[in-house]
Amino acid sequence: MGTPMTPPLAGSALGAWSLTSEDIRNIAFVSAGLVVFIVFLVASRVVAHLLGERLRHRGVRVDIVVLSRRVAYVVVIGIGVMAAFSFAFQTANVTLVGILLATVVAAFGVQELLQDYVSGYYILLERHIRVGDRIVLDGHTGDVVEVKLRVTLVRTDGGDLLVVPNSELFTKPVLVRAKGSPEAHAAKEAEGAKPSELQG
């Protein structure tokens with residue numbers, strides 16, 4: 001008969017499953033990364049709420065308030081994700097790579113488009129140019145009929161619709177006629193005379 005096999009000792013089994021100091025250190029960093037992400041998740045909601053309330057008190061349009069809250073939420077969450085990965089992987093390279101990638105994306109391909117949207121956001125927020133204003137830009141004169149996030153629509157004296165990228169309004173000098181100026185008064189009289197001319 002062969003030699004009977006002896007069962008492994010309980011101590012040796014526990015020793016095989018014991019955690020090394022390196023394992024404990026890794027778990028601690030992963031846990032810290034999870035805590036950091038939760039903190040940023042809560043902070044994103046708080047920041048979005050406070051920003052929305054502040055914009056509402058300033059009388060900003062509802063769509064701009066919603067957009068601002070979403071942008072703030074996404075930005076804070078994005079920073080939180082990169083910070084959490086930095087803790088989890090015990091390196092700041094993840095954050096640096098994320099920032100570099102975002103910079104490259106913003107610099108190529110969509111730079112002008114983003115510039116139009118960002119400019120439109122500030123135009124709607126600051127409200128220096130509003131619907132009904134009579135403006136002069138690059139030799140074109142007309143009345144603002146709509147301000148969107150990317151473009152502003154201007155009705156010229158000839159009845160044409162001028163589509164102006166918001167980056168143009170944000171980076172170039174724009175003359176906004178006063179409501180009671182002779183030019184604005186003459187434009188209103190011309191608009192009022194058009195129906196009578198058509199009837200005649």
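The values are calculated or read from the model by the stated rules, or taken from the named source; none is laboratory data. Bear in mind the structure is a predicted one, so any value in this text is a computation, not a measurement. So basically every Cβ, Gly included, is an ideal-geometry build from the backbone, and we count neighbours across all protein chains shown.
Just one of (1) out of contact with any helix residue (DSSP H, G or I) (no Cβ under 9 Å at 6 or more places or on another chain); (2) within 19 Å of ILE123 (Cβ to Cβ); (3) not β-branched (Val, Ile, Thr) trips up ASP63, so point out which.
Of everything listed in (1) out of contact with any helix residue (DSSP H, G or I) (no Cβ under 9 Å at 6 or more places or on another chain); (2) within 19 Å of ILE123 (Cβ to Cβ); (3) not β-branched (Val, Ile, Thr), ASP63 misses just condition (1).
Does region 58-72 contain at least one residue that is part of a strand (DSSP E or B), at pLDDT 80 or above and within 30 Å of LYS179 (Cα to Cα)?
no
Looking at LEU41, is it modelled with pLDDT of 85 or more and either in contact with a helix residue (DSSP H, G or I) (Cβ under 9 Å, 6 or more places away or on another chain) or of a type in the set (D, E, K, R) (or both)?
Yes, satisfied.
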